[in-house]
1. When you go through (1) within 24 Å of A:Glu416 (Cα to Cα); (2) away from every other protein chain (no Cβ under 14 Å); (3) modelled with pLDDT of 95 or more one by one for A:Val386, which number turns out not to apply?
2. From the set of residues in the stretch A:146-172 that are part of a loop (DSSP other than H, G, I, E, B) and hydroxyl-bearing (Ser, Thr, Tyr), which is surrounded by the fewest Cβ atoms within 10 Å (Cβ to Cβ)?
3. Look at the stretch A:154-206 and say how many of its residues are touching a His at 6+ places or on another chain (Cβ under 8 Å), of a type in the set (A, V, I, L, M, F, W, C) and under 21 Å from A:Asp239 (Cβ atoms).
4. Out of the residues in the stretch A:190-211 meeting the condition of being under 19 Å from B:Leu17 (Cβ atoms) and among the hydrophobic types (A, V, I, L, M, F, W, C), tell me which one is nearest to the other protein chains (Cβ to nearest Cβ).
5. Limited to the stretch B:185-215, what total is found for residues that are under 21 Å from A:Arg397 (Cβ atoms) and within 14 Å of chain A (Cβ to nearest Cβ)?
6. Would you be able to say whether some residue in the stretch B:10-32 is of a type in the set (S, T, N, Q) and not in a helix (DSSP H, G or I)?
7. Within the stretch A:367-420, which residues are at positive phi and surrounded by fewer than 20 Cβ atoms within 10 Å (Cβ to Cβ)?
8. Given the criterion in contact with a strand residue (DSSP E or B) (Cβ under 6 Å, 6 or more places away or on another chain), closer than 22 Å to B:Glu98 by Cα and within 14 Å of chain A (Cβ to nearest Cβ), identify the matching residue among B:Lys147, B:Lys128, B:Lys137, B:Lys174.
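The values are calculated or read from the model by the stated rules, or taken from the named source; none is laboratory data. As the structure is a computational prediction, the values presented were derived from the model and not from experiment. FYI the Cβ positions are ideal-geometry reconstructions off the backbone, even for glycines, and counts take in every protein chain you see.
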Amino acid sequence: MGKLRFLFALWAARLCWVALKITGHHGTNLPGQIANDLCPDFLDRIGKPEHIISVTGTNGKTTVNNMICDMFEASGRKVLSNRAGSNTKPGITTALINGASFLGKTKYDVAVFETDERTTPKLYPHVKPEYILITNLFRDSIMRNGHPEFIGGILTDNIPASSKLILNGDDLISCGVAPNNARVYYGINRLESDIKECINLINDIRICPRCAGKLEYDYLRYHHIGRCHCVDCGFKSPDYDYAATIIDRKNKTVTIEDKKGTGVYEFVNDSIFNIYNMVSIAALFREMGYEHSDIVEYMKKSKVVESRYKMVKVNNVSILTQLAKEKNALAISRAFDYVRELPGRKSILLMMNCLYDEAHWSENTCWMYDCDFEFLNDDNVREIVVSGPRARDYRLRLLYAGVPDSKIKIELSELEGAKNIDFDKGDLVCVFHGVDSFDLTQKVRKILMERAEKL
Amino acid sequence: MKIEVLFPEICNLYGDLQNIEYLRRSFKENGVDCEIIDTALKTEPYFASHDDMALIYMGTVTEHGQELVMDALKPYKDRIRELMDAGKVFLVTGNAWEVFGEYIECDDGRQIPCLGLLKTHAVRRMMKRYNSLYVGKFGDMDIVGFKSQFTHSYGEFTPLFETVRGDGLNPEVKGEGIRINNFLATYIIGPLLILNPPFTKYLMRLCGAESDKLAYEEAAMDVYTHRLEEFMQPERGLTY
């Protein structure tokens, strides 16, 4: 009976998938939803690849997940993933359905699933990853995720005992997840740019997780990312199993070392955030038995998703559209910091409004006072156009950050913002947008490119 | 003027600490220099042996952090009661004020004993986060804000705000926050003072300021006016 119900659910979900395709709908959740509704133990019954990798964490999981998929494909392996769909239980169920035969047997030997942290209680009891890669744990959406300690607790409660963890050794929050599981740590050795005291508004590890004593940082990169020790009890950050030892910005390479070997990898992107992503991926592949020389080649064939970061140059005007995930103070701070470091004169358009919330209630703007808008208070910033429903809030926050009112322009429409932002040849125009506004961002980019063309 | 901030190393979620920085800058607009005294978990609070602080502030904290706060404040329970009775100004935001109540009930029914200075208790449901926009009244003033929490509170209390839209300390009551003399506590999180210029002016006066010009006052009033108008739109959803 159970088997029949499973097959019925599988075929119904397949039929739904076909119907969605024919009618031009995306709908990566619906087939999985239907299957789980019709057959509550569907996920236990569906065939699964022998090797399952789950990529979770606050920031960077989509980038890491997609790079891992690219790299497996470059290695000639057929990889099942949810990269085209959602990272929740229905989305991952849909991916498994798509990877299964008519009778529910899997056609793949490896799967890579980007996994939303809050989905893990519903997923991990049924889909037990061989490896779980955690990029980092930071403050995220206040409404959904509360705080990173809460998310770390969810992961600890739900990670299967058999899963091996690939953890960021420079992030003490994720280091504390599922302490009884097998694990390896990755990280980046001390950099010249490292500091000792946090300059960000968010630092979620200020006290020792063991004794609540004061933590002293040996070096700090941003927020709580770095290495530290407790002045009271001697607790300290773990040693790395996989370390980025040399970052050569001139030649755009990073050297990654472990006990058994060394590889020199080409940058996929020069931000520290993406170098962490690279080291985490190298650690995973090394754990799976690959040689550095092979991983280097596979990584060359992977890329950061363009919709998240796109730089175009038109008539000597650089136009950068940078994802700054709405309501995520930390992700936006990182994006601000990255742009701050870029050379030259800049004009900035802020449009990372949460359009979904705006349509239903109103965006909770508390994140703005966790986010380092102070990074935009820079002599190289010529003008900041604040746009969308939260334009006034951005203005107040920028004034609070010390940006002169004379540099701030309010345009409630994002498109008007693109039409009226000031720039000249040689300038960088940077557009910070959210996930909700990918389509709108394309229109904004088009307007900016047309204006640049006419200069 | 002195402001004591309790345990900023952990009581710092959701931008809450910017309330104090905003207050400091606003006092400065009026020619008043403000000394911020940060009290860490393992040090004796300034209030334990001083009376000259104009305000004692504590912000939102994690659930584990609440227990650390309780351990840190327990030795000073009588002193806190004395200060509350004497009319010392406290501002406590988010879930931080729950530690002044009787206990916190966890998902598994376990009760974490608290300081017992308020006749309230909190019920925590970690997988049911409550999110809401909030509009309330403080006397004639309108209050706007955001709530995002794992708990609701019950018991006997005199509210700080009367709810216009949204819920009070729990969904069955309209009273929001707690007021005992000048002990002011609210579940509202984040930049409460930045988003509520009239209330901030009131607080400045309560702390002894003779004038109440605010930092970035024009922009803050612009944001406040529009947010109030937006939150009062009947078709706008309140809870999430």
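1. (2)
2. The initial filter retains those residues of the stretch A:146-172 that are part of a loop (DSSP other than H, G, I, E, B), namely A:146-147, A:159-163, A:169-171.
Imposing the further condition that a residue be hydroxyl-bearing (Ser, Thr, Tyr) reduces the set to A:162-163.
Values: A:Ser162: 10, A:Ser163: 20.
Looking at residues that are part of a loop (DSSP other than H, G, I, E, B) and hydroxyl-bearing (Ser, Thr, Tyr), I get A:Ser162.
3. Selection size over the stretch A:154-206: 3.
4. Per the criteria, the residue is A:Ile207.
5. Qualifying residue count for the region: 13.
6. Our first condition is that a residue be of a type in the set (S, T, N, Q); within the stretch B:10-32, this holds for B:12, B:18-19, B:26, B:30.
Add one more test, that the residue is not in a helix (DSSP H, G or I), and what stays is B:12, B:30.
Within the stretch B:10-32, one or more residues are of a type in the set (S, T, N, Q) and not in a helix (DSSP H, G or I).
7. A:Gly402
8. Values: B:Lys128 fails: in contact with a strand residue (DSSP E or B) (Cβ under 6 Å, 6 or more places away or on another chain); B:Lys137 fails: within 14 Å of chain A (Cβ to nearest Cβ); B:Lys174 fails: within 14 Å of chain A (Cβ to nearest Cβ).
Sole residue among the options that is in contact with a strand residue (DSSP E or B) (Cβ under 6 Å, 6 or more places away or on another chain), closer than 22 Å to B:Glu98 by Cα and within 14 Å of chain A (Cβ to nearest Cβ): B:Lys147.
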